[in-house]
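What follows is a set of notes on a single structure, which appears directly below.
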Amino acid sequence: MQKFILTFITAVLIMAFNQEVKSQTLQILPLGNSITQASNVYQSYRYPLWKKLLDDGLDFDFVGSHTDHYLCGTPTFPDYLGQSFDMDHEGHWGWRCDEVLQGDGSSAGCRGSGSLSDWLMSYTPDIALVHLGTNDMFQSTGGTGAINITIGELKAIVDTLRADNPNMIILLALLIPTSDPDHSWKIPLINAQIPQIAIDKYDPNSPIIIVDQFSGYDPVADNQSDGVHPNASGEEKMAQKWRDAIMDALIGINVDVDIMLEGPFNGTNMNALINADLPLAQPFNSAPWNYAGLESFTSMPVDIVDWVLLELRDATDAATAYESTIIAQKACFVNADGKIVNLDGSEEVRFPVEIAENLFVVVHQRNHLSILSASALTETGGVYSWDFTTDVNQAFGGSLALKAGGGGVALMVAGDVNADGVINTADYSTAWTPEAGLQGYNAGDLNLDVQVDNVDKNEYWKINEGASSQVPIAK
Ligand SMILES: [Ca+2]
Ligand SMILES: [Ca+2]
Ligand SMILES: [Ca+2]
């Protein structure tokens, strides 16, 4: 059974990322500084991660240029499941990003030697776990210029990794916090910039997955007394985050969905007039969606029309795809051309799920009626695709769910200002009226032209009054 799981996971990985895995064994590179290396008395996250991946049945090999721990000597690594700990790693105590790139960090005290491009000559990772930048912050002012330099070096590290394997999965950490009062404030500043690396360096063949090692990590309780290096509980937390990210990257499906919103529809595609007013964090964290995702970033790409909440349901058929069948949600963007895209602009939205019965997709937007795919999505080339724009019958409920616009394009129906699934007088009297005259990102702005005015009321709400979402709710 275990062998089957291993083969299955590797096969999924190959399908998911068109990866040319040279062997069945996944090469995993732990790349970092002292937090990755650890000392002669503590183990690093690598040991609990190794145990978790063995528990998962993953066929893997940690790779790295050395096995040393800082100050030399080795902590105790009890065998697990009959195996000895795989000590290979690329942790280098005290090294900054530029030293990882250029190789002039100190090798004293068993810190290792060489540089990233040298190390990569002796192995080819399938997955890199990158936790770097802490020393850069400790040794800098923490000013914008210093942060920008380090972000640039992290991008160069991405380039160097990809030069070795253009299909590498790069798990890039938000740094764990420190309790050192001279430097603790710098860590959130660089963490705020790290997600943009995944956007700027987007490559469909080499995903950069941000792993939030900061949240939930206590800078005192989870660190050694130095306030910098993880203790056993910190190592455990880091290992769990890495493990979850690795398994999410290996097991999952890609979804490619197209919609068109009636409000901004211009006869061909959608106007993105509200682009500059869109919030930088996902707007579905309140009722009725109550979606807790942390999707946010620092600047809005052009051509984005609005946020949407993409939802997967696993059910026997569309009529019974109730809320109880929801298996995943993700806040995404809808582009002017109708493509639902990730925050990095990529069209295939990845979900770390497996389908037991049939896959149905729901699209929520804040003032248009939610829609459900009329049929189950099928997989082609590793992607589940659904295009709601080609025909009103693409949505469950047909012409009750979508309306035909110019050129035969099927449109999501505008007018549900209070997002309760029904377009009725409440949308006008208690939702639209208080916003009348406002400018900006408001639900009463049904045509998404930044202005809440009578055009929204008369040409969208009034015309669509009486329509309701056909997405099953009960059970
Ligand atoms: Ca190894
Ligand atoms: Ca309503
Ligand atoms: Ca408007």
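Within region 339-458, which strands (runs of 3 or more DSSP E) (wholly inside it) include 1 or more residues that are within 16 Å of ligand 2 (Cβ to nearest atom)?
Working: elements: 349-351, 358-364, 383-387, 402-404, 410-412.
Ranges flagged: 358-364, 410-412.
How do the pairs read when you match residues in region 257-283 that are within 16 Å of ligand 2 (Cβ to nearest atom) with residues anywhere that are part of a helix (DSSP H, G or I), using Cβ under 9 Å and keeping only pairs 6 or more apart or on different chains?
These pairs meet every condition: GLU262/TYR460; GLU262/ASN464; GLY263/ASP456; GLY263/TYR460.
Look at region 422-475 and say how many of its residues are exposed (fewer than 15 other Cβ atoms within 10 Å of the Cβ) and under 34 Å from the mean Cα position of the chain (by Cα).
6
Is it true that SER107 is without any contact (Cβ under 8 Å) to a residue 12 or more places away in the chain, surrounded by 15 or more Cβ atoms within 10 Å (Cβ to Cβ), away from ligand 3 (no atom under 16 Å from the Cβ) and within 30 Å of SER140 (Cβ to Cβ)?
When the stated conditions are applied, SER107 passes them.
For region 265-309, what are the residues that are of a type in the set (S, T, N, Q) and exposed (fewer than 11 other Cβ atoms within 10 Å of the Cβ)? Walk me through how you get there before you give the answer.
Taking region 265-309 first, the residues of a type in the set (S, T, N, Q) are 266, 268-269, 271, 275, 282, 285-286, 290, 296, 298-299.
Residues satisfying the conditions are SER286, ASN290, THR298, SER299.
For region 122-166, name all the residues that are of a type in the set (Gly, Ala, Ser), outside any helix (DSSP H, G or I) and either buried (at least 16 other Cβ atoms within 10 Å of the Cβ) or under 25 Å from the mean Cα position of the chain (by Cα) (or both). Show your work before the answer.
First, the residues of region 122-166 that are of a type in the set (Gly, Ala, Ser): 122, 128, 133, 140, 142-143, 145-146, 152, 156, 163.
Subsequent filtering for residues that are outside any helix (DSSP H, G or I) retains 122, 128, 133, 140, 142-143.
Hits for region 122-166 are ALA128, GLY133, SER140, GLY142.
Checking the condition over 24 Å from LEU161 (Cα atoms), in the same structural domain as GLN139 (by TED's automatic domain parsing) and either within 16 Å of ligand 2 (Cβ to nearest atom) or within 26 Å of the chain's Cα centre (by Cα) (or both), which residue from ASP79, ASP59, ASP55 passes? Explain how you work it out, then say what you get.
On the way: ASP79 fails: either within 16 Å of ligand 2 (Cβ to nearest atom) or within 26 Å of the chain's Cα centre (by Cα) (or both); ASP59 fails: over 24 Å from LEU161 (Cα atoms).
So the residue among ASP79, ASP59, ASP55 that is over 24 Å from LEU161 (Cα atoms), in the same structural domain as GLN139 (by TED's automatic domain parsing) and either within 16 Å of ligand 2 (Cβ to nearest atom) or within 26 Å of the chain's Cα centre (by Cα) (or both) is ASP55.
The values are calculated or read from the model by the stated rules, or taken from the named source; none is laboratory data. This is a predicted model, so every value here is computed, not measured. Positions of Cβ are backbone-derived with ideal geometry, glycine not excepted, and every protein chain shown enters the neighbour counts.
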